[in-house]
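Note sheet for the following structure.
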């Protein structure tokens, strides 16, 4: 069974090229004893306060003192499955990554009692830890499960092609009123033709000849477009 092999550096480079920007590089300007960090520097914010700016990964052995102020610049918020679905007020990945590396060892179990979109669980997986995520929100649990479930590349691409073929061959007769969920403000948020098209896509995903993990992945992708078409 083969899985996606994805390089974070390759993703960063592609995003940077797309956005026409280069990742800033810094000379070691902040030293703690014998330690210096190329991506850490001191600067003054707009209120005249001294802050410590960290670009990218937070050094595991970076000394942290009470009342220090930090500015973290994240490069990985959409890397890998972190960017699979929008989610309000989620962690930037470098923070749980730093905590996991600093306070646990490979093979340990990481608990996030308010897992939200699963950022901590993804980072635990990437850093060879087991993890448990808890959340009262069913969608949070569902999203976290999808973001941490490896998929077979061949089967995923095969299912994607089948799904795309069915979606492009839109057949209005395939859906009816029973396929359209009822919820408050539905007809205010969505045009009638959009509602039918969304119901069609969802039904095609549910009828797809694929395992449940792949279907769940497509359902999260489907959910991610809902707001943009409302």
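The values are calculated or read from the model by the stated rules, or taken from the named source; none is laboratory data. All values reported here derive from a predicted model rather than from experimental measurement. Don't worry about glycine lacking a Cβ; one is built from the backbone with ideal geometry, like all the others, and counts go over all protein chains shown.
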Taking segment 103-126 as the region of interest, how many residues are touching a helix residue (DSSP H, G or I) at 6+ places or on another chain (Cβ under 8 Å) and either in a strand (DSSP E or B) or at negative phi (or both)?
11
Give the residues of segment 127-141 that are surrounded by fewer than 17 Cβ atoms within 10 Å (Cβ to Cβ) and part of a helix (DSSP H, G or I), sorted by residue number.
138, 139, 141
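Condition test on residue 145, is it touching a strand residue (DSSP E or B) at 6+ places or on another chain (Cβ under 9 Å) and touching a residue at least 12 places away in the same chain (Cβ under 8 Å)?
Working: touching a strand residue (DSSP E or B) at 6+ places or on another chain (Cβ under 9 Å): yes; touching a residue at least 12 places away in the same chain (Cβ under 8 Å): yes.
Yes, satisfied.
From the list 113, 181, which one is at pLDDT 95 or above and either touching a strand residue (DSSP E or B) at 6+ places or on another chain (Cβ under 9 Å) or within 19 Å of residue 221 (Cβ to Cβ) (or both)? Lay out the reasoning, then the answer.
Numbers: 181 fails: at pLDDT 95 or above.
Going through 113, 181 in turn, just one is at pLDDT 95 or above and either touching a strand residue (DSSP E or B) at 6+ places or on another chain (Cβ under 9 Å) or within 19 Å of residue 221 (Cβ to Cβ) (or both): 113.
Inspect segment 162-177 for any residue being under 30 Å from residue 91 (Cα atoms), modelled with pLDDT of 95 or more and under 26 Å from the mean Cα position of the chain (by Cα) and give the result as yes or no. Break it down into steps so the answer makes sense when it comes.
Let us first name the residues in segment 162-177 that are under 30 Å from residue 91 (Cα atoms), namely none.
For segment 162-177, residues under 30 Å from residue 91 (Cα atoms), modelled with pLDDT of 95 or more and under 26 Å from the mean Cα position of the chain (by Cα): absent.
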Considering segment 56-86 alone, what residues qualify as being surrounded by fewer than 16 Cβ atoms within 10 Å (Cβ to Cβ) and in a loop (DSSP other than H, G, I, E, B)?
60, 61, 63, 64, 65, 66, 67, 68, 69, 77, 78, 86
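Looking only at segment 190-212, decide whether some residue is closer than 26 Å to residue 112 by Cα, modelled with pLDDT of 90 or more and in contact with a strand residue (DSSP E or B) (Cβ under 8 Å, 6 or more places away or on another chain). Write out each step before concluding.
First, pick out the residues of segment 190-212 that are closer than 26 Å to residue 112 by Cα: 212.
This time we only want the ones that are modelled with pLDDT of 90 or more, so: 212.
From what is left, the residues that are in contact with a strand residue (DSSP E or B) (Cβ under 8 Å, 6 or more places away or on another chain) are none.
No, there is no match, as no residue in segment 190-212 is closer than 26 Å to residue 112 by Cα, modelled with pLDDT of 90 or more and in contact with a strand residue (DSSP E or B) (Cβ under 8 Å, 6 or more places away or on another chain).
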Answer yes or no as to whether residue 90 is surrounded by 13 or more Cβ atoms within 10 Å (Cβ to Cβ), touching a helix residue (DSSP H, G or I) at 6+ places or on another chain (Cβ under 9 Å), part of a loop (DSSP other than H, G, I, E, B) and modelled with pLDDT under 90.
no
